[in-house]
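Report on the structure given below.
The values are calculated or read from the model by the stated rules, or taken from the named source; none is laboratory data. None of the values given here were measured: they were computed from a predicted structure. Here the Cβ positions follow ideal geometry from the backbone for every residue, glycine too, while neighbour counts run over all protein chains shown.
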Amino acid sequence: MNDGKKDPSPRGNIPLPVFSFFKENLGILIGLLILCLVLVIYDASQGRTVFLSGNNIMNVLRQMATNLYIACGMTMIIILGGIDLSVGSIVALSGCVTGGLIAHHGYPLVAAVILGLLVGIAAGAFNGFVVSKTTIPPFIVTLSMMNIARGAGYVYTGGQPIRIMDDAFNFIGSGYVSIVPVPVIYLVIIVGISAFIMNRSKLGRHIYAVGGNPTAARFSGIKNGRVLFFAYLFSGTMSAIAGIVLASRMFSGQPTAGQGAEMDAIAAVVLGGTSMSGGVGKIGGTVIGALIIGVLNNGLNLLNINSFWQYIVKGVVILIAVYVDFIKKGRKRT
C-alpha cells in the first residue's frame, strides 16, 4: 500500500544493496558484458555456441575459483596499502605438502588437508608479523617469502610432481554436487565470509580506516598492527586453500604450481576498483574483476591465441586499471 511517501532513490523495487552494487560497479560490469558479447559474436561467426554452453560456463567458474580465493585476501591487503607477492609460492607449497602427506606418508585425508592449511597459515602469519612489527616494506617481506616458499616446495618434492591417487582428495577440486563444481561452492562460501568481514564487521571498518589513514586510525584507538597481521594471515590461508584445491584438480602436488597467481589476483583486485594506494575497495568489485580475468583467459583459449600472449594481455589490463585509478584520484583532488 502506498502511504504517499516518495521513494528517495531511483531504484524502484530493486533492493538497496543490489542497486548500490550495480551503481558502484557499472563500468566494469559493462566491460565484462562487452567482453562476453565479443566472444559470443566470434562463436556465432564460427557457427558454434561454445562460450555460452553450460559446460564452458562451469569450466570458467571452476578455473576462476582458485584466483578468487586468493583475490579475497589480496583485496584486504591492497586496501591496507600493502601487497602480497608470496601467494603463488604458498599455493605450490601447500598443495605439495598435502599431496606428499597423502601419497608418500599415508596420512588420512583430513589430517593432510589440515597440515597443508597450516603451511599457508604459518606463511601468512610470518608475513603479517614482520610487516606489523617492523618498518620493512610489504613488497620486500612477501618477496622474501615468495622465494622461501617456492624453494621449500622444490626441496620437499625434489623438483618432481607428487602424483595423488586418492579419490576422496581428488573430489575436493574435481568433484561436483549435482551440476555445480565443488570449488565453486567453496567460492561462494569464501566470498560470503570475506564480504561479511569487510562490510558487516568491526574488523572490516578497521581495515578501511587503517588503509585510508594509518595515523588517524592509530590515534582513534585502532591497533594497526593487529589489523595488518590479520590481513596477511587471511591471505596465507586463502592461498593454502587455493593450493589444496588446485593440487586436487591436477591430481598432483606441483612445485611449479601457482606461478603468476599473484599477478592474476592483483589484476582481479585492481580491475574491481580497489585503489593501490589503499583505503578504497569492495569484495563485490573483486568478484567481477576475477570474472573478467577468467572470461579473458577462457576467451583467449577459444580464440586459439598462444597462452604466452595471456601474460601480455593481463599486464596491459593491470596497467590500464591502475591508470584509471590514478585518473580518478586526480579528479577528486581537483
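Quick notes on this one:
- Residue match in the range 137-147 (condition: at negative phi, of a type in the set (S, T, N, Q) and in contact with a strand residue (DSSP E or B) (Cβ under 8 Å, 6 or more places away or on another chain)): no
- Those residues of the range 242-257 which are out of contact with any Ser or Thr (no Cβ under 8 Å at 6 or more places or on another chain) and among the aliphatic types (A, V, I, L, M), in sequence order: MET250, ALA257
- From the list GLY175, GLY120, the one residue that fits, being surrounded by fewer than 23 Cβ atoms within 10 Å (Cβ to Cβ) and touching a helix residue (DSSP H, G or I) at 6+ places or on another chain (Cβ under 9 Å), is GLY175.
- Number of residues in the range 77-90 that are within 11 Å of GLY260 (Cα to Cα) and buried (at least 24 other Cβ atoms within 10 Å of the Cβ) equals 4.
- Selection from the range 14-49 of residues that are over 26 Å from THR286 (Cα atoms), of a type outside the set (Lys, Arg) and at pLDDT below 90: TYR42, ASP43, ALA44, SER45, GLN46, GLY47, THR49
- Per-region count, the range 161-178, residues assigned to a helix (DSSP H, G or I) and in contact with a Gly (Cβ under 7 Å, 6 or more places away or on another chain): 0
- Inside the range 134-143, residues that are without any contact (Cβ under 8 Å) to a residue 40 or more places away in the chain and crowded, with 16+ Cβ neighbours inside 10 Å make up a count of 1.
- Search result, residues across the range 155-172 that are of a type in the set (A, V, I, L, M, F, W, C), touching a residue at least 60 places away in the same chain (Cβ under 8 Å) and surrounded by fewer than 16 Cβ atoms within 10 Å (Cβ to Cβ): MET165, PHE171
- The lone exception for ALA261 - which of (1) surrounded by fewer than 23 Cβ atoms within 10 Å (Cβ to Cβ); (2) among the hydrophobic types (A, V, I, L, M, F, W, C); (3) modelled with pLDDT under 95 it fails: (1)
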